[in-house]
Amino acid sequence: MSETNTEAPIVEVTNLSKTFAKLKAVDSVSFEVKEGEIFGFLGPNGAGKSTTINMLTTLLKPSSGNAQVCGYDVHTNANEVRRNVGVVPQEYTADEDMTGHNNIILCADLYGLPRSNSEPHAEELFKLVELEDAANRKVSTYSGGMRRRLELACGLINYPKLLFLDEPTLGLDVQTRAAVWKYIRMLKEEYHMTLFLTTHYLEEADALCDRIAIIDHGHIVRIGTPDELKANIGGDIIVVGVRESAPDVSSEIAKIQLVKDVKKNNGVYRIKAERGEEATPEIMDLIRSRGLHVIKISLTKPTLDEAYLEYTGHSMREEETSRTQMFSQRVTMRKARS
Amino acid sequence: MALKDPTMQKEQPKEVSSNHERSFMASPKVNTSPLHGLWALTHRDLRKWYMNPVQLFVSLIQPVVWLGLFGKAMNFGAFVSGAGGTQTQQNAIMLSMFGTTSYFSFLACGMLAFVILFTAAFSGMSVVFDRRFGFLNKVLSTPVSRGTVVMAKVLQSVGRALIQAAIVLLIAVVLGMDTSHFTITGIFGTFSIMFLMALGLSSLYVMLALRSTDWQTQMAIINLLNLPLVFASNALFPTKLMPNWLQYIVKVNPVSYANDAARQLLLGATGLNSLAIDFGYLLAFAILLSATGIVLSWRLLSK
């Protein structure tokens, strides 16, 4: 994950904004996506994730600001951007009345790929997403997971350097979600593709992304690796139970470099530390060297949930409960967008 | 945290990579002409239509019912003969009113325009559905030019309209249309003028649908435009028997020009205008509307 840091950015966004009627859907966001990484946009529904993706894939014209995608400007060179990126939209966009195969060939034709190339390529992609048996069935007979995989295959037909995935696992069951994650990782690791995805599932961002931008009400509140985002909220929690209640070694533990805070309560030390897995052995050694006996120990990593709460001031769950508000906002945006 | 389990990454089928990496990387030479994708998009819509014979059948019912019921029931010939006079006198009356002795043949030409008008009207509907189902967004994220997207919608509608018109013409002949004036050039000319009308009308309806997301509005627009376009034309009834104010409307209605030309070419009728004027008017109509459609597509398809 660290080797990607030296790569040139494949997406460069500066002060990008989009206003629909009165609603500022995206408000002056700036970020970079490095070649070869999985970059995630994390935020609740209506935060501006899809709007940003739509601007980067040239479906929407930005109200202001600039974006370079694969080295091309989305304002002046939209066609080159379209040629170089793949898009897997949030909705199921395949034509239900056609077979999966006809759908993907249609996509290939729209990219101007010659049939001599697109036919074998489509076959490969169907194999990749494990749809080869269903290729000649009408899409209306596909399950949700199969459709999602078909969308993925269609998004890959033009050999994109960069693939945009808008909520790739929205509404999928656990099994299909795991499969989609597998494909996403495979694209990065075996095909060295750059992936840009949006999600409102914290565990998805955590499991897949090299770097995450937390977006809330059209603003990017924080960008970093999942570990960085979590580390900034105060580090890991180590709880050590000691048989003897004296002597108190709190002050000595606090001197360990990675440790940030120590509290002792009835022979139980609650320690906040950076990189808990490195701090723990040092703490153990120290306690033992004072002749004390450790009877239990636990290490808890903070979750992105907490990170999200820290940065936006409200939790994702909270946001999701106010569904009516969210829904009306989404409807507004849909209408405005189309 | 368990979700981040690195073993998940190891489950990938390794054999896939070696075979496919090369083809993934080396993208082939692509067609970058501004018209690429036109046939792919047109064919997509046409295939949906010919793969679904029910749709074709249903779309033919209306003009055939009009032909069969209206054309046979509104027997102006009987009306005229009931007034008495010799056969020659009666024929002269019919000729002066309809330009032909058979009302059924007169109506059949009108029905060609009718079926084209209705097919064109629904071209806008398919834009609305493509937008609703997200297909349009998919197309717009590819390097296909916006003008091509609109042209494909127009062309598929023109193709359908002309094929349906041909079927209606065949049925009309079976039902007793006067074929004594049919010539190869006449039929070819008729379809050329129908092509121009279909091109213009389809562009109009596609344009009206470019920004629309709901099909109810689109239905309302179709009803609002179609009935006046049929009734305020010479499709069902000759212009010269209409009140003066209506005649002005009929004279700007492109449907009238198509009917006028079709009757001259298929029935040898004396037209209201010369063929050159009919063709000129519809050519201008078709060029103006299809050009406007393409220009609007640049502005309206992306926001």
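On C-alpha positions alone, give me the angle between the axis of helix A:276-289 and the longest principal axis of chain A, in degrees, nearest 10. It is inclined by approximately 10 degrees. Filter A:Lys272/A:Lys301; A:Lys49/A:Lys182; A:Lys260/A:Lys301 down to the pairs with a C-alpha to C-alpha distance above 18 Å, please. Long pairs (Cα-Cα over 18 Å): A:Lys49/A:Lys182. Partners of B:Lys72 within straight-line reach, counting aspartates and glutamates whose Cα lies under 20 Å from its Cα and excluding those fewer than 8 residues away in the same chain: B:Asp178. Modelled this way, with points 7 Å down the Cα-to-C-beta line, the labels at A:Glu119 and B:Ile187 are 3.6 nm from one another.
Rounded to the nearest 20 debye, the dipole size of chain B about its Cα centre is 780 debye, using +1 on the Cβ of Lys and Arg and -1 on the Cβ of Asp and Glu. Within straight-line reach of B:Lys240, meaning a Cα separation under 16 Å, sit the following lysines at least 8 residues removed in sequence or on another chain: B:Lys251. Legend: distances between Cα atoms for A:Lys61/A:Lys161; B:Lys29/B:Lys153; B:Lys29/B:Lys138; pairs beyond 25 Å are B:Lys29/B:Lys153. Annotation: aspartates and glutamates with alpha-carbon distance below 20 angstrom to A:Lys22 (same-chain offsets under eight excluded): A:Asp216. The trypsin sites (Lys or Arg not before Pro) of the stretch A:217-265 that meet both conditions, a loop assignment by DSSP and at most 11 other Cβ atoms within 10 Å of the site Cβ, are A:Arg243, A:Lys255. Exposure proxy shown here: for A:Glu228, A:Glu37, the number of other Cβ atoms within 10 Å sets the order, fewest to most, as A:Glu228, A:Glu37. Between A:Ile297 and A:Gly241, the built amide H atoms are under 5 Å apart, and every one of these is 5 or more places off in sequence or on another chain. Could you tell me what % of all Cα pairs in the stretch A:234-300 have separations over 15 Å? Percent of Cα pairs beyond 15 Å in the stretch A:234-300: 40.
Checking every one of the trypsin sites (Lys or Arg not before Pro) in the stretch A:1-103 against DSSP loop status and a limit of 15 other Cβ atoms within 10 Å picks out A:Lys22. Remark: mean inter-chain Cβ contacts per residue of A:91-100 equal 4, using a 10 Å Cβ-Cβ cutoff to other protein chain atoms.
Averaging the sequence gap over all C-alpha pairs within less than 8 Å and six or more residues apart, then dividing by the number of residues, gives chain A a relative contact order of 19 percent. Relative contact order of the stretch B:35-300: 26 percent, from C-alpha pairs under 8 Å at least 6 residues apart in sequence.
Per-residue shielding of B:141-151, expressed as the average number of other chain Cβ atoms within 10 Å of the residue Cβ, stands at 5.
Computed over the stretch B:70-225, the percent of Cα pairs more than 28 Å apart is 38.
With the charge dipole of the stretch A:234-300 set up from +1 on Lys and Arg Cβ and -1 on Asp and Glu Cβ about the Cα centre, the Cα lying farthest toward the positive end among the listed residues A:Ile256, A:Tyr269, A:Ser245 is that of A:Ser245.
Counting neighbouring Cβ atoms within 10 Å and putting the fewest first, the residues B:Ser256, B:Ser145 line up as B:Ser145, B:Ser256. The 3J(HN,Hα) values that the Karplus relation (6.51, -1.76, 1.60; θ = phi - 60°) gives for the stretch B:288-300 are, in residue order, 4, 6, 5, 5, 4, x, 5, 5, 5, 4, 5, 7, 8 Hz. Gly and Pro appear as x.
Legend: ranking of residues A:Cys209, A:Cys70 from fewest to most surrounding C-beta atoms inside 10 Å; resulting order A:Cys70, A:Cys209. Near A:His219, the amide H atoms lying under 5 Å from its own belong to A:Asp27; only residues 5 or more places off or on other chains count, and H is placed 1.01 Å from N.
Rule-based calculations on the coordinates, nothing more; no lab input. In this text, all values refer to a predicted model and were calculated from it rather than measured experimentally. Here Cβ is always computed from backbone atoms with ideal geometry, including for glycine, and neighbour counts include all displayed protein chains.
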